[in-house]
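Before any comments, here is the structure.
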Amino acid sequence: MPMPRKVLITGASGGIGLAMAEKFAQNGDSLFLHAFTRTSRLETLREKYPQNAIHLHSCDLSLPREQEKWLDAAWNWESEGWDVLILCAGVDILTGTMKARTFEEKLEALWKVDVAAGVRIARELTRRRGDAGGETSPGTVLFLGWDAIEWGMAGDSAELFALAKGAITAFARCLAQKVSPDCRVHVLAPGWIQTDWAAQAPEKWQKIAMGSSLMKRWGTPQDMAELAFFLTSPEAAFLNAMVWPVDGGRDMAV
């Protein structure tokens, strides 16, 4: 029976983050989870897996002082160090109060959370891990990108996502050059994934989402979680510094 790993996940209450947290919980791993809203989802997860060490630290990652508190707590929880770091935290600009904000306000929010917070946490936790030494196996860092940064998409929201996810993808490639072989770094680039927005998306977008994939369906948070779990496993030990589209294959005829 493998030893439980220490898994750190930001944005763990979102659809993708929650699916990943559950996948690692099923494996018996210890989880240090971040959420800003919807914390009840993580309380439910903790109740579902009482045998696991699962800790929730709620904070606003747009604030540098809150970032600092979270990464200190995550590093020191149970014992110093970590095995898996997954950076899922992101601002929802498609639903809720952010939907009505200006382009500039949305960009500022995305930059603070999706980019700046992810960069700071990844840099600091990989540095601490490297400085501490003594790890028996490499750690794995996973970022969330976006498949469409490779070919573009029209619209304000697409421009915003391209700016944020393009930046984090470029950063991840550079980070891999610095922290390997102590850590492996990957970017998961989702296409049309059935998150909260998808549930209320108009029929137009339902058709676009399913039609643009060769698999002719929405992707699911579980599709993302399965890939995340594989990339952190010993079976993926020689995979590093890659961007993984999770989109069922893009239909080039669309």
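Number of residues in the stretch 76-123 that are out of contact with any Leu (no Cβ under 7 Å at 6 or more places or on another chain), of a type in the set (D, E, K, R) and either closer than 22 Å to T169 by Cβ or surrounded by 18 or more Cβ atoms within 10 Å (Cβ to Cβ) (or both): the value is 7. Here P181 fulfils each of the conditions (1) at pLDDT 95 or above; (2) open to solvent by less than 50 Å² (accessible area, probe 1.4 Å) apart from (2). Inside the stretch 224-244, residues that are in contact with a Pro (Cβ under 8 Å, 6 or more places away or on another chain) and loosely packed, with under 15 Cβ neighbours inside 10 Å make up a count of 1.
Picking from residues in the stretch 14-38 that are part of a loop (DSSP other than H, G, I, E, B) and either at pLDDT 95 or above or of a type in the set (A, V, I, L, M, F, W, C) (or both), the one that is least open to solvent (accessible area, probe 1.4 Å) is D29. Somewhere in the stretch 38-56, is a residue within 29 Å of A116 (Cα to Cα) and within 14 Å of the chain's Cα centre (by Cα)? No, that holds for no residue.
Rundown of residues vs (1) of a type in the set (V, I, T); (2) within 30 Å of P181 (Cβ to Cβ), yes/no style:
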site: T102; (1), (2): yes, no
site: R129; (1), (2): no, yes
site: V141; (1), (2): yes, yes
site: S157; (1), (2): no, no
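Going through (1) in contact (Cβ under 8 Å) with a residue 60 or more places away in the chain; (2) assigned to a loop (DSSP other than H, G, I, E, B) one by one, N52 falls short only on (1). Of all the listed residues (L71, L45), the sole one being surrounded by 16 or more Cβ atoms within 10 Å (Cβ to Cβ) and either in contact (Cβ under 8 Å) with a residue 60 or more places away in the chain or under 23 Å from V179 (Cα atoms) (or both) is L71. In the condition set (1) assigned to a loop (DSSP other than H, G, I, E, B); (2) polar (S, T, N, Q); (3) touching a Ser or Thr at 6+ places or on another chain (Cβ under 9 Å), T140 is compliant with all but (1). Each residue in the stretch 184-223 was checked for being more than 21 Å from S13 (Cβ to Cβ) and either surrounded by fewer than 16 Cβ atoms within 10 Å (Cβ to Cβ) or among the charged types (D, E, K, R) (or both), and 14 pass.
Scanning the stretch 128-148 for residues that are exposed (fewer than 15 other Cβ atoms within 10 Å of the Cβ) and over 18 Å from F32 (Cβ atoms) returns G130, D131, G133, G134, T136, S137.
Name the helices (runs of 4 or more DSSP H) wholly inside the stretch 166-254 in which the number of residues that are touching a strand residue (DSSP E or B) at 6+ places or on another chain (Cβ under 7 Å) and without any contact (Cβ under 8 Å) to a residue 60 or more places away in the chain is 2 or more.
Qualifying helices (runs of 4 or more DSSP H): 221-231.
How many residues, within the stretch 190-225, are touching a helix residue (DSSP H, G or I) at 6+ places or on another chain (Cβ under 7 Å), within 29 Å of T37 (Cβ to Cβ) and charged (D, E, K, R)? Counting residues in the stretch 190-225 that are touching a helix residue (DSSP H, G or I) at 6+ places or on another chain (Cβ under 7 Å), within 29 Å of T37 (Cβ to Cβ) and charged (D, E, K, R) gives 2. Can you confirm whether L42 is part of a helix (DSSP H, G or I) and farther than 27 Å from C174 by Cα? Here the answer is yes, as L42 does meet what is asked.
The values are calculated or read from the model by the stated rules, or taken from the named source; none is laboratory data. Please read all numbers here as calculations on a predicted model, not as lab measurements. Please note: Cβ atoms are built from the backbone with ideal geometry, for glycine as well, and neighbour counts cover all protein chains shown. Surface accessibility is based on the protein's heavy atoms, side chains included, excluding ligands, DNA and RNA. Shrake-Rupley method; radii C 1.70, N 1.55, O 1.52, S 1.80 Å.
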